[in-house]
1. Write out, first by first residue and then by second, each pair whose Cβ atoms fall under 6 Å of each other, whose residues are 6+ apart or on separate chains, and whose first residue, in segment 1-23, is under 17 Å from C109 (Cα atoms) and in contact (Cβ under 8 Å) with a residue 40 or more places away in the chain while the second is open to solvent by 20 Å² or more (accessible area, probe 1.4 Å) and assigned to a loop (DSSP other than H, G, I, E, B).
2. Being assigned to a strand (DSSP E or B) and open to solvent by 40 Å² or more (accessible area, probe 1.4 Å) is the filter here; which residues of segment 31-51 pass it?
3. Among the residues of segment 142-159, what is the count of those that are buried (at least 24 other Cβ atoms within 10 Å of the Cβ) and in contact (Cβ under 8 Å) with a residue 60 or more places away in the chain?
4. At least 1 residues that are polar (S, T, N, Q) and within 15 Å of V208 (Cα to Cα) in each: list the strands (runs of 3 or more DSSP E) lying fully within segment 93-157 that qualify.
5. If D57 meets every condition in (1) touching a Pro at 6+ places or on another chain (Cβ under 9 Å); (2) touching a residue at least 12 places away in the same chain (Cβ under 8 Å) apart from one, which number is that one?
6. Taking the condition within 14 Å of G143 (Cα to Cα), touching a Cys at 6+ places or on another chain (Cβ under 7 Å) and at pLDDT 90 or above, does V44 pass?
7. Every residue in segment 52-68 that is open to solvent by 60 Å² or more (accessible area, probe 1.4 Å) and closer than 19 Å to K9 by Cβ, please.
8. Against the condition outside any helix (DSSP H, G or I), under 16 Å from the mean Cα position of the chain (by Cα), in contact (Cβ under 8 Å) with a residue 60 or more places away in the chain and surrounded by fewer than 22 Cβ atoms within 10 Å (Cβ to Cβ), how does G75 come out, does it pass?
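The values are calculated or read from the model by the stated rules, or taken from the named source; none is laboratory data. Predicted model, so just to flag it, every value in this text is computed and none were measured. No Cβ is skipped: glycine too gets one built from the backbone with ideal geometry, and neighbour counts run over all protein chains shown. Side chains included, ligands, DNA and RNA excluded: accessible areas come from the protein's heavy atoms. Shrake-Rupley method; radii C 1.70, N 1.55, O 1.52, S 1.80 Å.
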Amino acid sequence: MCGRYASTKDPATLAAEFDAVDGTEGEAPGADYNVAPTDPVLAVVQRHPRDADGTPDPKTTVRSIRVMRWGLVPGWSKDLSGGAKMINARYESVATKPAFKKSLATKRCLVPADGWFEWLREGKAKQPYFMTRRDGLSIAMAGLWAVWRASDGPPVLSCTVLTTESVGPLAHIHDRMPMLVPPDHWARWLDPDTADVTDLLVRTPDPVLDALEVRPVSSKVNSVKNDGPELLEEVQPGGDEVALFDLDEVRNPG
């Protein structure tokens, strides 16, 4: 976890939603209802702009939408092969892991998504669920990014998604979930000059959880070859009627 998610909005839409500019330079991937590790994804970053000589302007920052490879590849890696194993970083240990601690201090990002998938074992089968906002807005998954350079060719930007312990009905499905960042924390999380963000490494706030619904979806999502809006549609596992989980009921039973 989180090993699969949906990202269907174009850079212009995300730029408006995240108060950013489109920095994808025409390289943005199309709508993807079944994003998998090593796929190209969109991420939100905030950096000091550089002049023609590459000198950053310390007085201002620009927030932009960038294309990255999902699965963080530290700059010191020999090649890109290890990225597939680093799609996630646990928030409990990210500050001390060699692969992540430098990015935590200087290269934090938000990974926008329509929602993410998890699987619940029911007997011999695994039922997929889709976690998404009821209002259709993007969720902002806390992420880290890095730059890897080969001896030749352009630099490769890659990212990872931070995870926390799950709560409520989300814990019923899986014990981990993405660390979701509320809008009022975006600026500080993205600020490249804020090196100490340990107080932001917390479980997802209740108001963000309250905006979510948990939806059973088709097992077609099990295969990364499948893609399309039908993967996000609610289904009824086993032919039984399945209601959406209510986070408030689980958090405050009775």
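1. Matching pairs, first to second residue: P11/A28.
2. In the first step, residues of segment 31-51 are kept if they are assigned to a strand (DSSP E or B); the result is 32-35, 40-47, 50.
Of everything in segment 31-51, those that are assigned to a strand (DSSP E or B) and open to solvent by 40 Å² or more (accessible area, probe 1.4 Å) turn out to be Y33, P40, R47, R50.
3. Keep residues of segment 142-159 that are buried (at least 24 other Cβ atoms within 10 Å of the Cβ), which gives 142-144, 146, 158-159.
This time we only want the ones that are in contact (Cβ under 8 Å) with a residue 60 or more places away in the chain, so: 143-144, 146, 158-159.
Qualifying residue count for the region: 5.
4. Numbers: elements: 108-113, 115-122, 125-133, 139-148.
It comes to 125-133.
5. D57 satisfies every listed condition except (2).
6. On the way: within 14 Å of G143 (Cα to Cα): yes; touching a Cys at 6+ places or on another chain (Cβ under 7 Å): yes; at pLDDT 90 or above: yes.
Against the criterion (within 14 Å of G143 (Cα to Cα), touching a Cys at 6+ places or on another chain (Cβ under 7 Å) and at pLDDT 90 or above), V44 qualifies.
7. R66
8. On the way: outside any helix (DSSP H, G or I): yes; under 16 Å from the mean Cα position of the chain (by Cα): no; in contact (Cβ under 8 Å) with a residue 60 or more places away in the chain: yes; surrounded by fewer than 22 Cβ atoms within 10 Å (Cβ to Cβ): yes.
Against the criterion (outside any helix (DSSP H, G or I), under 16 Å from the mean Cα position of the chain (by Cα), in contact (Cβ under 8 Å) with a residue 60 or more places away in the chain and surrounded by fewer than 22 Cβ atoms within 10 Å (Cβ to Cβ)), G75 does not qualify.
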